[in-house]
Amino acid sequence: MAPDVRTTRALVLGIALSPFFAAPAFADNAVQNQISVYTGDNAIGYLQPLANAFGAALNSSFGYSARIPRNSFHISLEAPVMGVIFEDKDRTFQATPENDFTPNTPHTVPTVVGSGDAVTVTGNGGAQFSYPGGLNLNSFGLIVPQLRVGSVFGTEALVRWIAYHQSDSDVGKVDLFGIGGRHSLSQYLGAKPPLDLSVGAMWQKVSVGASGHSGDFVKSDAFSVQLQASKRAPVGFLSFEPYAGVAWEKFSVDLSYDDTNGNPVDVSLDGSNNMRFTLGAGFNFVVGHLWADYNWADMNNFSFGLALGNVGGAE
């Protein structure tokens, strides 16, 4: 993800090509020849919706049940799907012409998720400046494999990892690593607490592509702290488990690319989400767990998934 569409393709197309990720189709390759005109505030405005979506998705599906047995071995391999639906406000932003173009008047133009049509304006002396179109995306999605293992004194660990390297592709590489832990609070509320409660934190790091001057096109970090409550109840041969949570989160991206003149440019963005509120429900069965939830934040998102293993089994 960067103001050069090669960077944007590296982030999003890299996700699409990876066997553990999913993302929508993309616009014409001609767009990548135009995006490098963006630097500074224009670059941030253009890419902000995708940074928001990427951060919102990464900080999802950390916990789908607050039930963590105090001392009982459980392990699960999980495939959470995290998605964002873009709104109209994500599709345009205010940008000003660059490269000493006059007049330096702001214009409403597409963001990276907006219309694929470029916007061309005419200035003094008949000079023209073209704002690049976007990728015309309606949604953004990730599928990230994760492994959950527990528990010791009501504590479990969670690991996310994926690596995709292909030197002859548009992407080059995608590396994602995340690690976190959760701890049961309900174990301190007596033998039969009215609700299961847990608290946890997770950190993730993602790098994408290769920069001619700075190693990676994209370097990003995500961090989340979550408090969750749930209640498991038997329903036939299954258990039904509604849950709710509140989380503080942070997501940052550092971008490195070359502008149209071949000059190195470095841009930093922060995701818009700081707090999120989650409501969801799941079904626990003998060999796994199914769940789905919705998250309210500055950028709302949803997640659902399947865990295979003895997650949350009886002590």
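The values are calculated or read from the model by the stated rules, or taken from the named source; none is laboratory data. Keep in mind it's a predicted model, so treat the numbers as computed, not measured. Heads up, the Cβs are rebuilt from the backbone with ideal geometry, glycines too, and the neighbour counts pull from every protein chain shown. Quick note on the areas: whole protein, heavy atoms, side chains included, nothing else; ligands and nucleic acids left out. Shrake-Rupley method; radii C 1.70, N 1.55, O 1.52, S 1.80 Å.
Within the range 263-279, count every residue that is open to solvent by less than 50 Å² (accessible area, probe 1.4 Å), farther than 22 Å from R182 by Cβ and either of a type in the set (K, R) or more than 19 Å from the chain's Cα centre (by Cα) (or both).
1
Can you list residue pairs whose Cβ atoms sit under 6 Å apart, with the first residue in the range 188-216 being under 30 Å from K173 (Cβ atoms) and the second being surrounded by fewer than 13 Cβ atoms within 10 Å (Cβ to Cβ) and at pLDDT below 95? Count only pairs 6 or more apart in sequence or on different chains.
So the pair list comes out as H213/P264.
Hey, can you tell me all the residues within the range 248-262 that are hydroxyl-bearing (S, T, Y) and crowded, with 16+ Cβ neighbours inside 10 Å?
Correct list: S256, Y257.
Output the residues belonging to the range 119-143 that are in contact with a strand residue (DSSP E or B) (Cβ under 8 Å, 6 or more places away or on another chain), open to solvent by 50 Å² or more (accessible area, probe 1.4 Å) and assigned to a loop (DSSP other than H, G, I, E, B).
Answer for the range 119-143, where residues must be in contact with a strand residue (DSSP E or B) (Cβ under 8 Å, 6 or more places away or on another chain), open to solvent by 50 Å² or more (accessible area, probe 1.4 Å) and assigned to a loop (DSSP other than H, G, I, E, B): just N138.
Filter the range 180-200 down to residues that are part of a strand (DSSP E or B) and either buried (at least 19 other Cβ atoms within 10 Å of the Cβ) or modelled with pLDDT under 95 (or both), then give me how many there are. Give the derivation first.
Start the filter on the range 180-200 by keeping residues that are part of a strand (DSSP E or B), which leaves 180-184, 196-200.
So of that shortlist, the ones also either buried (at least 19 other Cβ atoms within 10 Å of the Cβ) or modelled with pLDDT under 95 (or both) come out as 180, 182, 184, 196-198, 200.
The qualifying residues number 7.
Considering each residue of the range 101-118, count those that are open to solvent by 70 Å² or more (accessible area, probe 1.4 Å) and in contact with a strand residue (DSSP E or B) (Cβ under 8 Å, 6 or more places away or on another chain), and give that number.
3
Among the residues that make up the range 96-107, is at least one of them touching a residue at least 40 places away in the same chain (Cβ under 8 Å), outside any loop (DSSP other than H, G, I, E, B) and out of contact with any Leu (no Cβ under 6 Å at 6 or more places or on another chain)? Spell out the reasoning first.
In the first step, residues of the range 96-107 are kept if they are touching a residue at least 40 places away in the same chain (Cβ under 8 Å); the result is 96, 98-99.
Okay, now just the ones that are also outside any loop (DSSP other than H, G, I, E, B), so none.
Among the residues of the range 96-107, not one is touching a residue at least 40 places away in the same chain (Cβ under 8 Å), outside any loop (DSSP other than H, G, I, E, B) and out of contact with any Leu (no Cβ under 6 Å at 6 or more places or on another chain), which makes the answer no.
In the range 157-179, which residue that is open to solvent by less than 10 Å² (accessible area, probe 1.4 Å) and either assigned to a loop (DSSP other than H, G, I, E, B) or modelled with pLDDT of 90 or more (or both) is nearest to V206 (Cα to Cα)?
Checking each candidate, the answer is L176.
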